[in-house]
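The values are calculated or read from the model by the stated rules, or taken from the named source; none is laboratory data. In this text, all values refer to a predicted model and were calculated from it rather than measured experimentally. In this analysis, Cβ positions are derived from the backbone assuming ideal geometry, glycine residues included, and neighbour counts consider all displayed protein chains.
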Amino acid sequence: MKGKKVAVVGSGVAGLSTAYLLSREHTVTIFEREAAVGMDAHSLDAHGARMDIPLRVFSESYYPNLCSIYKHLGVKYRHADYSFSCRPAAAAASYFRYINFFVADMALPLPLCLNVRELFKCVRLAFQFAHFVNRAPAKLAAEAGELRLGTFLERHGYSKEFATCLLYPMLSVVCTCSYASVEAYPASIVVDYFANKYGLSGAQCRAYEGTRDVVDRITQPVERVITSATITRVDAAQPFAGGRERALVTWRGADGRELSEEFDEVVLAMQANASLRVLKTRELSQIEALASFKYESKRVVLHTDASLMPPNERDWSPLNIVAAPGADAASVTVWMNRIDGDLRRELKGPIFQTWNPDVEPSKGSVLADYSFERPVVTPASEAGMAQLATSQGVGHIWFVGAYARYSMPLLENGVKSAMEVSRRLGVDTSDIEVDELALERAALSGATRRQRTWGMLVLAAAVGATALHSRCYLF
C-alpha cells in the first residue's frame, strides 16, 4: 500500500477529481451510494444515443481546471451549441433569442428574434446584457463592499426588464435555483462568471464520449470503487481524547449488511447537508459550517413531449427558457438533438431534457425523472466557507464540493476544492492546476474583450434595423 489509506465518500466531479489526484501518492477507496459511479449514475441509453443526466457542459474560459484534468486524462471534448431563447409562457413565442456563430474557439452570439412584435425588446435586452458583461466589472470594483446582485443592479441603473426577463432567468437556469436566491447572490460571483464566460469565450463544450468516458478514465488509478454503499456514519479520529487514531467509515451494502473500515484520512465529497447527517465529530466548527449551507431541489425530466417547446418549431433553440411571471424559478427545456453533431446524428427523433418543468410532460413521453439538490450562495454560507476552510483536516476529515469555495457552485468549483485538499495531503498538482490570471491575460486582452462585447451590440443593432426595415421574419 502506498502512502496513506484514504476514503473518498461521493463520486461527483469533486470526489472523482480528489480520488484521481490523491491516487498519485496514496491508496484511495471511493464510496458511492448509487449502483454506478455518481457522475454517470443517472445517464441512460435512449433513442439510439447515450445521454448524460443532468447534461454537463463547460467553457474553457470559466472551467480551466476541469478542462486541464480532462486533457490530462485524454478526455476529448468539443463545442456544444448552448444558445438559448426566453419566452414568458410555455405556449408563447420567444421575446429573446440568439444563435451562435463558431469562429475558432469562440462562439459569437447573434441575437435573432422570430417574433417581430418583440424585436425591440430582444435588441434592447441584448444591448443591456453586452453592457453588463463589459462594464459591470469596473462598476463593481468601484464599490466599497460586497453587494447582493439585486442591490448592484438597482444602484447602477440596470432596468427591471433586464433583470427579470433575461439575467435572473439565465442565472436561475445556470445555478438551478429560485429567483429569490439569484437576487441575493453576491454580485462579485455573478459578474465574474459572466465577464469570464462571455467576455473571454462564450463557447460551451461537452465531453465527446459523455460522462461515462470521463468516469472510466478518472477512476483507473483508484485502488477500490465501492458502489451501492449507503454511508450511515463517518466517525472522526479523536487521538487528542485518547480515542481512535483513525477515522471510521460505516456503510450498508447492496445486500443490507453493515460494514465498517478505518482510514487515515476521509474526504467527504457529498453535499454539505448529506455530510452533516453522517459526520460524527467533536469539532463543532465543522458541524456549524456544514449546517450553514443552503440547498434547493429541482426536478429534471428526460422526455419526448414537444409541447414543452416553443409553439413554432422555427423558434426552437438548443435551450428554451420559460420565465413565467409569478413563477419562483425559471424552467428550461434542452433540445438534446441540437447540442452537438453526434447527438443530432444518433438520436432517432426529438428528445428533450427539462429542468423544473412548468408544464408536466405527457406520461407516455417520460423516459427518466430525477430530483437533484444544488447549493446556493447566501451570507450564511459565505461565513460557512471560511469556517470550513479553517477546520479542514481536523479529526482527519476533509471536505470538497462545489459548495465549499467562494465562487459559482459549478463543476469548476468542485475541481478547485479537490486540488486544494489534495495539495494539503501532500500531492503535487502543479502539472494540472491552472494559473487563471495568467490564462486570462494570455487568452484575451481587455481591449479585445471590449471589441468583442461591443461587436455583439453592433450585431444586435444590425439585426434590429434589418428586421424593422423588412417587417418580416428573419428566417
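Of all the residues that make up region 369-407, how many are in a strand (DSSP E or B) and either surrounded by 22 or more Cβ atoms within 10 Å (Cβ to Cβ) or among the charged types (D, E, K, R) (or both)? So the count comes out to 7. Here 14, 19 are screened, and the one residue that is more than 13 Å from the chain's Cα centre (by Cα), in a helix (DSSP H, G or I) and not β-branched (Val, Ile, Thr) is 19. When every residue of region 135-142 is checked against the conditions, at least one turns out to be assigned to a loop (DSSP other than H, G, I, E, B) and surrounded by fewer than 22 Cβ atoms within 10 Å (Cβ to Cβ).
Conditions (1) of a type in the set (Gly, Ala, Ser); (2) surrounded by fewer than 18 Cβ atoms within 10 Å (Cβ to Cβ), marked per residue:
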{"position": "232", "(1), (2)": "no, yes"}
{"position": "251", "(1), (2)": "no, no"}
{"position": "254", "(1), (2)": "yes, yes"}
{"position": "285", "(1), (2)": "yes, yes"}
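Considering each residue of region 350-358 in turn, none proves to be in contact with an Asp or Glu (Cβ under 8 Å, 6 or more places away or on another chain), at pLDDT below 95 and either assigned to a loop (DSSP other than H, G, I, E, B) or not assigned by TED's automatic domain parsing to the domain that holds residue 181 (or both).
Residue by residue through region 143-164, note down the ones that are within 21 Å of residue 380 (Cβ to Cβ) and in a helix (DSSP H, G or I).
Result: 149, 150, 151, 152.
If you go through region 165-184 one residue at a time, do you hit one that is among the charged types (D, E, K, R), in a helix (DSSP H, G or I) and at pLDDT below 95? No: region 165-184 contains no residue that is among the charged types (D, E, K, R), in a helix (DSSP H, G or I) and at pLDDT below 95. When 46, 80 are checked against the criterion of being surrounded by fewer than 21 Cβ atoms within 10 Å (Cβ to Cβ), out of contact with any Ser or Thr (no Cβ under 6 Å at 6 or more places or on another chain) and of a type outside the set (Val, Ile, Thr), a single residue qualifies: 46.
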